[in-house]
Number of protein chains: 2
Amino acid sequence: MTRDLRALFDPRSVAILGASNDPAKWGHWLARGALKGAERRSVFLVNRNGGEILGLTAYRSLSDLPERPELVVVSVPAAGFEAAVDASLAVGARALVGISAGLGESGAAGRARERAVVERVRSAGAVLLGPNCLGVFDAGSGLDLSSNEVPSGPIGLVSQSGNLALEVGLLAEDLGLGFSRFVSLGNQADLEAAELVEELAGHEPTRLIALYLEDFRDGRAFARAAQAAVEAGKPVVLLAGGGTEASARAARSHTGALVSDLAAVEAACAGAGIERVATPKELVDAAQALLASPAARGRRLAVVADGGGHSVIAADLADAAGLELTPLAAGTRERLAQILPATAATANPVDLAGGGEQDVSSFARTVAVLLGSGEVDAVLLTGYFGGYAVYAEELRPRELEAAEALADAAAESGRPLLVQTMYWQSPAAAALRARGVPVFRDVEGALRGLGALVGQGTETPAGVPGVPDRSEPPLGSAGYWEARDLLAVAGVPFADARRAQGLDEALAAAEELGYPVVLKALGRLHKSEGGGVAVGLAGPAAVEAALSQMASELKPSGYSVERTAPVAEGVELLVGARRDPRFGPVALVGAGGLYAEVLADVRVALAPVSEHHAETLLRSLRAAPLLQGARDRPPLDVAAAARAAAAVSRVAAARPEIDEVEINPLLVTPEGAVGLDARLVLGQEGGEDAG
Amino acid sequence: MTRDLRALFDPRSVAILGASNDPAKWGHWLARGALKGAERRSVFLVNRNGGEILGLTAYRSLSDLPERPELVVVSVPAAGFEAAVDASLAVGARALVGISAGLGESGAAGRARERAVVERVRSAGAVLLGPNCLGVFDAGSGLDLSSNEVPSGPIGLVSQSGNLALEVGLLAEDLGLGFSRFVSLGNQADLEAAELVEELAGHEPTRLIALYLEDFRDGRAFARAAQAAVEAGKPVVLLAGGGTEASARAARSHTGALVSDLAAVEAACAGAGIERVATPKELVDAAQALLASPAARGRRLAVVADGGGHSVIAADLADAAGLELTPLAAGTRERLAQILPATAATANPVDLAGGGEQDVSSFARTVAVLLGSGEVDAVLLTGYFGGYAVYAEELRPRELEAAEALADAAAESGRPLLVQTMYWQSPAAAALRARGVPVFRDVEGALRGLGALVGQGTETPAGVPGVPDRSEPPLGSAGYWEARDLLAVAGVPFADARRAQGLDEALAAAEELGYPVVLKALGRLHKSEGGGVAVGLAGPAAVEAALSQMASELKPSGYSVERTAPVAEGVELLVGARRDPRFGPVALVGAGGLYAEVLADVRVALAPVSEHHAETLLRSLRAAPLLQGARDRPPLDVAAAARAAAAVSRVAAARPEIDEVEINPLLVTPEGAVGLDARLVLGQEGGEDAG
């Protein structure tokens, strides 16, 4: 769906329905904002009581307007919302901004009303933003239909929370950043995040797309739009809310959001190349870095400070963030020694040891040597720089010169230089920012920015796979045998097993398979809890004892007798998939068996995944060293595990009725991979389809 | 050592040696600062060239002073330092502040010179701060011998970095905090961190002790002093630098620091009840919370916001920080519903859904209900509060009233209320702070503060054990058998083992122990790497094959034949100890065997540890669920593992020649714990030898 959103962002005429003189009402602030654009477009204030608003005569009704309003902002109580939309469409509005709250977020009845309105909007060829949104801002067109002052700049901001957007705005302003557009999403009844991301990707003044989202709506479409924006050179930074039980409660109540599992969001971000952040501050810190700097082509960092403490703290933090501070080569250290005091530390971190205080230009010479050395992918200058002019005004010119020289060094090298200074509002900091060097107020911020640049330069987005159309009739039941059969047909090898209803059948099966055997009681979701699995049964007596205990304690619907797998020769993994209400099937691989919960070591991806991708995921687990044959063990057949993981993900992707499917454990040995258990959970109605 | 430091913090007279008119020199700023206290004490500026400095006649030499200087600040080049100290002592100085750099941090010769000077200072009964320090500040005595403006307040700051202290000062000022004393430590040649912490613990205006340290000097003394301060009700917040390879390089070069392992610092903090932070911002955020709020008696948190986005983000972050946002009980929700709009979310997070905008007093009523409910240990108010007066000046009086009511609610409940607002400099924010409610500029900061309060209220410091005097002659060698014997004597059970030099002895041993056996090649540090361990050898042929392969590939010095342990019935742990240059022996327990490196799941404590403490450590591992009998496995004998860990820690504590000692794996089963390997590394003087 690509619709023309010009009427939303740059209308020739705009009407504010519910305009007011009362500063306690949104209608007041919307009217004030709209009037700022009165030189560029017709602005009509509408209030059914008429009268004068902000010095203008208010119209009592849309039908009284002298001109068709291309955009109508509806800021009336929920009860009047539908009528207002219909009236707007009747006079030919092309775009609507629904401020009114109390529709879709208030329950099923409200959602039905919302859907019906959207039908009529779409039939009329118009678009609707919201309802339950706070407005829209476009710096280029001078459209200011939000209640707050928004600084101009290169960030296109799409948010499901007005107050969070406000905080992002304040933090951005601190760093000299601003917004090309701001869109408050509200309930996304018509316009969804995906369509707005697509629009911003094509919006020239927008150089970076920032999002706060609780509900991703068509999650795959969103991820595809984000991937396209990233590929077009516009980084996408996402603050996603609602990934925990408590926050999901809040999000549901806030915008009626159908929230996604954190794992699904993570999978979408990895697929699309989205930079994910956890707070408004992180969003702005990441955005500053991504807007100012080239990507870092690796994880090698040099830290520079004048004074040991700052370099020590930055080095500790960088190490914890997985960056590499390797000692510099002798030649580079030599060059640094030539420009720095004898007491300077040149190994990395580089401590100017008063060199900056003696001669502020030594910062730039040091950084130039480091960026040009070929030994590092980025440089972080941290601490005091920017403070010399604060300390003594007469030092200002030289410090500003040094800032220019630092910017020159960064520009020449094509590598990122990030600066953290306690004097983040100083003239030197402003000069650096003006020249495209990001300057952070704290070392956390600098590391966050660096993380974004390293991610951009070293990680290749996995892509956003489509979900195949259903090709098979839905599964009717989801027992153990159905799960095994389904996955076996898809290509997953399982331990040899026989069904048994009672002792005689179990003993016959054991005889056939060969002792020792495994006995499982069926009919429980987690068989291994509560005595549902007995392993190492060495003979008929052991089988009989285990079966009789299971029979009396668990009353199982049946049994499975299985061949003993060589557990000691391998590692137990978990491979599976879960359906997210917005992103559809998400594949997961992780440490399995006993260690699944203890390690909580899982990697995710949008399903279906290729075998190659599954292997990459497996090899990126924390437990990966175990797969590579830790301490004398032969390397395990990771490719076989990856084949199984890919097969499971294909099954989940092809069958929307599957809510969860899991093989845990999947035993991977040097000779292959074999499923030792399988579990399937079907959705209520065959599941909600994701696009 | 408890010395009188009055002459350092409140001297009756002070002399600045190296005073200068040149603002590029420290001597200039020190002189300016000293003169601020001229009404309270005599201030003498000394410069060997005499002349006029800052409008005063400078003395050419200390011996020219009309009065004995109780405190002398030595700001002369390194070459003149010793002579200056001697001259100071000659005229009767009781305290010296050594600004001069280039002594102890410059290498062995400098350290020797420093030591000699300290001897003379101590013989004279004086004290020396530094050298290589930036000075000292005491708000109460009007002593300002540091180069920067320092705001007054309740924080006693001790720092090994001047610039970091400066940043801490700026960040603290942002939040309305200030300093009772600031001490720049420098090289700690005489005065060490421990003595200053002890001093600050007894300094009435100091309510919280903040530290930046690279070198802990007498680490146990430091930890004991910190523990005493904490017990006296003065929280200790520590920013420790140098825990990684790169930062240790920087710290060594910066202050000649002998840096400690992160694990040792962690052990000391847990022992003493120190709140550890990673950045200057975290230090100030934690300090604000600890100064303003009572401790939180548990992890249950309610989040409140007017607007969903902020509550969603705070809930996600709180969950990640291990806080509990459980839904509120029906009665509490009822009470909230009565004071909030119908659309408000009352489950937790609580979203006022415009209730605050309609009536700003509803913030306080909501928070009062929550704090009084008995269902939560703390409340976090996040987002917009503080902004109403910014939005419309006429709302200011009501918002300030609301701030007072919020503070009243917190004070009445005795539970922490923390506020995050994007308007952190607003009048309402200032009013809250004035009433003892901490206000943070970002949600990260609020969570950091909350973490400090929860730590203080829920964690009992483990204590700082003394290290026993050596009672045995030092070990001469540290082979496998020595390690086993040493630990066995201390009470650790090991798998039955026999020495063997060749095949005949190995076969005889295997026969005696019973097949299957384990064969180990000795003489390697990590036996299980490179084929040094063969398990499950079922008969003589298997032993012969394994031994002949080891013989040809590893050329071992000998073999150990061992009884096979029931590995499948238990979990492999690691118990050990390491000697830190500053904190001495540190005990560690963790996941062992194959999973040791993959899980990196280790807990540490200052050694020796009691069996009870060792068990607490084991039960706090991430892998602890495995010990409690995960999924049908019987509970393991954790007490036996704890006995082994305590025994290892006692051995390490009693023998200073031991650098490292480790049992990995220690197999813990339902029936007990048994060591399956042992490793010992002696320090330089005891000789290193692989087991």
| request: Starting from the Cα of A:Glu119, move 7 Å in the Cα-to-Cβ direction to define the label point; list residues of the range A:190-209 whose amide nitrogen is under 19 Å from there. | output: A:190-191
| remark: Quick calc, B:Glu412 & A:Ser141: beta-carbon distance into FRET formula, R0 60 Å, rounding 0.05, result 0.70
| Which three extents, in whole angstrom, do the alpha-carbon atoms of the range A:186-244 cover along their principal axes, largest first? | 32, 24, 19
| message | If you roll a 1.4 angstrom probe over the protein chains with everything in place, what fraction of the accessible area of the range A:517-676 belongs to carbon and sulfur, to the nearest %? | response | 54 percent
| query | How big is the range A:1-72 by Rg and Dmax over its Cα atoms, in Å? | reply | 12.3, 42
| In nm², what is the average projected area of the convex hull enclosing the Cα atoms of the range A:350-406? | 3.8 nm²
| task | Once the label point is placed 7 Å from Cα along Cβ, list for A:Gly354 the distances to the corresponding points in the other copies, in nm, shortest first. | result | 6.5
| task | Could you pull out every residue, at least 5 positions away or on a different chain, whose amide H is within less than 5 Å of the one on B:Leu208? Hs are placed 1.01 Å off N in the peptide plane, and Pro or chain starts have none. | result | B:Gly156
| request: Taking a label point 7 Å out from Cα toward Cβ, give me the nm distances from A:Ser123 to the same spot in the other copies, shortest first, one decimal. | output: 10.4
| remark: Given a Förster distance of 35 Å, the FRET efficiency implied by the Cβ-Cβ spacing of B:Ala600 and A:Val681, rounded to the nearest 0.05, works out to 0.60
| query | Given the protein chains as shown and a 1.4 Å probe, how many square angstrom of B:His612 are accessible, to the nearest 10? | reply | 140 Å²
| query | For label points placed 7 Å from Cα toward Cβ, what is the shortest-first list of nm distances from A:Pro566 to its copies? | reply | 2.6
| note | So B:Arg111 and B:Glu231, fully extended at 0.36 nm per residue minus their Cα-Cα distance, gain in nm 39.7 nm
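Would you please report the Å³ per residue occupied by the convex hull of the alpha carbon atoms in the range A:537-691?
Values: hull volume 20.8 nm³, N = 155.
It is 134 Å³ per residue.
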| Chains A and B: how much accessible area gets covered up at their contact, both sides added, probe 1.4 Å, in Å² to the nearest hundred? | 6500 Å²
| said: What number comes out for accessible area per residue over chain A if the probe is 1.4 Å? Units Å², please. | reply: 36 Å²
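Compactness ratio of the protein assembly as shown: Cα Rg over 2.2 N^0.38 Å, N = residue count?
Here the answer is 1.01, to two decimals.
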| message | Just to be sure I understand the model, the point goes 7 Å from the Cα along the line to the Cβ. What's the resulting A:Glu472 to A:Ser620 distance in nm? | response | 2.9 nm
| Share of carbon and sulfur in the accessible heavy-atom surface of the range B:258-349 [1.4 Å probe, %] | 53 percent
| Which whole-number percent of Cα pairs in the range B:396-555 have a distance greater than 29 Å? | 57 percent
| said: I'm a student and want to see the number: the projected area of the Cα convex hull of the range B:135-274, averaged over all directions, in nm². | reply: 7.8 nm²
| said: Taking 8 Å as the Cα distance limit and 6 or more residues as the minimum spacing, I'd like the relative contact order of chain B as a percentage. | reply: 9 percent
| Spin-label model distance (nm) - A:Asp504 vs B:Val489, 7 Å beyond Cα toward Cβ | 6.8 nm
| query | Considering only DSSP states other than H, G, I, E and B, which trypsin sites (Lys or Arg not before Pro) in the range B:434-541 qualify as loop sites with at most 14 other Cβ atoms within 10 Å? | reply | B:Arg470
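Could you work out [θ]222 nm for chain A from helices alone, using -39500 (n - 2.57) per DSSP H run of at least four and dividing by all its residues? Round to the nearest 500 deg cm²/dmol. Let's see the in-between values first.
Numbers: 25 runs with 265 residues, N = 691.
It comes out at -11500 deg cm²/dmol, rounded to the nearest 500.
Once you compute Rg and the Kirkwood Rh from C-alpha atoms, what is the Rg to Rh ratio for the range B:527-567? Working shown, then result.
On the way: Rg = 10.3 Å, Rh = 10.9 Å.
Expressed as Rg/Rh, it is 0.94.
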| So which lysines can A:Lys281 reach, going by Cα to Cα under 25 Å and dropping same-chain residues fewer than 8 places off? | A:Lys234, B:Lys281
| request: Note every residue of the range B:630-673 with a reduction of at least 20 square angstrom in accessible area, all protein chains present versus the isolated chain, computed with a 1.4 Å probe, or write none. | output: B:Arg631, B:Asp632, B:Arg633
| Given charges of +1 on the Cβ of Lys and Arg and -1 on the Cβ of Asp and Glu, with all other atoms neutral, how large is the dipole of the protein assembly as shown about its Cα centre, in debye to the nearest 20? | 1540 debye
| said: Check which residues have an amide H placed less than 5 Å from A:Val350's amide H, if you skip close sequence neighbours. | reply: A:Val303, A:Val304, A:Ala305
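I'd like the FRET efficiency for A:Glu52 and A:Ala78, computed as 1/(1 + (r/R0)^6) with the beta carbon distance as r and R0 of 35 Å, rounded to 0.05.
Details: r = 27 Å, r/R0 = 0.77.
The value I calculate is 0.85.
Only Cα pairs under 8 Å and at least 6 apart count here; give the relative contact order of the range A:142-187 as a rounded whole percent.
Numbers: 56 pairs, mean separation 23.4, N = 46.
Rounded, it is 51 percent for the range A:142-187.
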| So which lysines pass the test for B:Lys36, namely a Cα distance under 20 Å, with those fewer than 8 places away in the same chain ruled out? | B:Lys25
| said: Residues of the range A:293-341 that become at least 10 Å² less accessible with every protein chain present than in their own chain isolated, using 1.4 Å: which are they? | reply: A:Asp306, A:Gly308, A:Gly309, A:His310, A:Val312, A:Ile313, A:Ala315, A:Asp316, A:Leu317, A:Asp319, A:Leu325, A:Pro327
| task | Can you tell me the equivalent ellipsoid semi-axes for chain B? Use √(5λ) from the Cα gyration tensor, largest first, whole Å. | result | 52, 42, 17
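The values are calculated or read from the model by the stated rules, or taken from the named source; none is laboratory data. On a predicted model such as this, the values are computed, not experimentally measured, just so you know. With ideal geometry, Cβ positions are generated from the backbone for all residues, glycine too; neighbour counts draw on all protein chains shown. Note: areas computed on protein heavy atoms with side chains; ligands, DNA, RNA excluded. Shrake-Rupley method; radii C 1.70, N 1.55, O 1.52, S 1.80 Å.
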